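Beneath this line is the structure, given in structure tokens, with notes to follow.
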Ligand SMILES: NC(=O)c1ccc[n+]([C@@H]2O[C@H](COP(=O)([O-])OP(=O)(O)OC[C@H]3O[C@@H](n4cnc5c(N)ncnc54)[C@H](O)[C@@H]3O)[C@@H](O)[C@H]2O)c1
């Protein structure tokens, strides 16, 4: 009845021990396998739910469960507070993830998931891009140069030979610090701060990962991308929050991660249901077929899928156990009689100081 506790420091130690590239590669491979093999009967993932509020600042706390019957439940809780950096010196997205034994209810593991969320979101874009992006793609465009942009770029460098990055952020401070934040893995990539429209016009792959407000999108104009451009739309993950112009979606093959969620929160909100393309599962499962779409406009509508958290938590816990990292705490330890919740009173006959 012990719970594996992995603090942010433990998670960082695991990733540093394995190596950033190796960890990302392992995540991409596991995610590719999980996405292509996804069976909605065998793995139950409801549309996420949460609380959104505007006081004292715009924010959202939501929960994303993934149930593997007879085995486990992984539950990620994620906070989205776009003013966190300015107000609290914290990331916009903060998260924790827990794993429960689905035969007993026991809490098996609890981990910080802030880095894990960024890694798995990058890995998901890499999996979709690996099918839908031309092999000779060299230029990545980033609109929004915050935390997710770092792992979007890192993940894409693992599946394509990226030489050039065009980026735009509406916050000059985020633009100014971007080169330093990607230096550890993109030192031989040339980085250019340009306008949002120039990002779209000059890139082979574009990732939108902004904290644009509800009703304030899209984040670029009605410009002409390269005919083969692929978009990873990462920041559209709440009702009314969109990043891609409708005119572009209508000309593109739009592939949602999780269709039910994407029509409520993603770019698919903007589309007639008949205009929505195949899910990322269909695309990855039939990669040979969909590679034909590399020559045309495509969009991965990434709202964030609990399957990704299940895969990331599985990899993290496995590596942490093998490296002996983290603490094992008896949070739920039962003393004595399972039928007697007051058994502790007799087990500890002497009164204790509070
Ligand atoms: N799809 C997923 O699985 C997934 C996972 C994590 C986060 N997200 C979403 O990704 C987005 C980015 O998250 P983050 O952690 O990088 O946040 P962040 O705050 O670190 O970065 C967001 C950046 O977007 C910039 N921005 C805001 N409006 C803009 C605009 N109109 N044009 C250009 N830049 C703009 C901000 O200045 C900021 O630097 C959020 O909307 C978040 O909800 C999605």
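The values are calculated or read from the model by the stated rules, or taken from the named source; none is laboratory data. The model shown is predicted, which means the values in this text are computed figures rather than measured ones. Cβ sites come from the backbone with ideal geometry, for glycine too, and all protein chains shown count toward neighbours.
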Q: Would you check which residues across region 237-257 are touching a strand residue (DSSP E or B) at 6+ places or on another chain (Cβ under 9 Å) and either at pLDDT 95 or above or more than 9 Å from the ligand (Cβ to nearest atom) (or both) and list them?
A: 239, 242, 243, 244, 248, 249, 252, 253, 254, 255, 256, 257
Q) In region 197-211, which residue that is within 13 Å of the ligand (Cβ to nearest atom) and in contact (Cβ under 8 Å) with a residue 60 or more places away in the chain is farthest from the chain's Cα centre (by Cα)? A) 206
Q) So which residues in region 280-304 are within 16 Å of the ligand (Cβ to nearest atom) and under 20 Å from residue 241 (Cα atoms)? A) 299, 300, 301, 302, 303, 304
Q. Restricting attention to region 116-151, which residues are closer than 30 Å to residue 84 by Cα and assigned to a strand (DSSP E or B)?
A. 140, 141, 142, 143
Q) How many of the residues in region 124-149 are surrounded by fewer than 24 Cβ atoms within 10 Å (Cβ to Cβ) and away from the ligand (no atom under 12 Å from the Cβ)? A) 7
Q: May I ask you to list the residues in region 77-115 that are closer than 16 Å to residue 148 by Cα, in a helix (DSSP H, G or I) and out of contact with any strand residue (DSSP E or B) (no Cβ under 7 Å at 6 or more places or on another chain)?
A: 84, 85, 115
Q: Please identify the pairs in which a residue from region 56-84 that is over 17 Å from residue 304 (Cβ atoms) has its Cβ atom under 7 Å from the Cβ atom of a residue that is assigned to a helix (DSSP H, G or I), counting only partners at least 6 apart or on another chain.
A: 57/87
Q: Of the conditions (1) away from the ligand (no atom under 13 Å from the Cβ); (2) assigned to a loop (DSSP other than H, G, I, E, B); (3) in contact with a helix residue (DSSP H, G or I) (Cβ under 7 Å, 6 or more places away or on another chain), residue 161 clears all except one; give me its number.
A: (3)
Q) Taking residue 89 and the conditions (1) within 13 Å of the ligand (Cβ to nearest atom); (2) farther than 30 Å from residue 291 by Cβ; (3) modelled with pLDDT of 95 or more, which numbered condition does it fall short on, given that it satisfies the others? A) (3)
Q: Among the residues of region 283-332, write down those that are free of Cβ contacts under 8 Å to residues at least 12 places away in the same chain, within 23 Å of the chain's Cα centre (by Cα) and either in a helix (DSSP H, G or I) or buried (at least 24 other Cβ atoms within 10 Å of the Cβ) (or both).
A: 318
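Which of the residues spanning region 247-267 are within 16 Å of residue 230 (Cα to Cα) and not in a loop (DSSP other than H, G, I, E, B)? Steps first, please.
First, pick out the residues of region 247-267 that are within 16 Å of residue 230 (Cα to Cα): 247-257, 267.
Residues satisfying the conditions are 247, 248, 249, 250, 253, 254, 255, 256, 267.
Kindly indicate whether any position in region 104-113 is closer than 27 Å to residue 159 by Cα, modelled with pLDDT of 95 or more and either more than 11 Å from the ligand (Cβ to nearest atom) or surrounded by 16 or more Cβ atoms within 10 Å (Cβ to Cβ) (or both).
Let us first name the residues in region 104-113 that are closer than 27 Å to residue 159 by Cα, namely 112-113.
Remaining after also requiring modelled with pLDDT of 95 or more: 112-113.
Among the residues that remain, those that are also either more than 11 Å from the ligand (Cβ to nearest atom) or surrounded by 16 or more Cβ atoms within 10 Å (Cβ to Cβ) (or both) are: 112-113.
Scanning region 104-113, I find at least one residue that is closer than 27 Å to residue 159 by Cα, modelled with pLDDT of 95 or more and either more than 11 Å from the ligand (Cβ to nearest atom) or surrounded by 16 or more Cβ atoms within 10 Å (Cβ to Cβ) (or both), so the answer is yes.
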Q. Would you say residue 212 is surrounded by fewer than 22 Cβ atoms within 10 Å (Cβ to Cβ), within 22 Å of residue 257 (Cβ to Cβ) and in contact with a strand residue (DSSP E or B) (Cβ under 8 Å, 6 or more places away or on another chain)?
A. yes
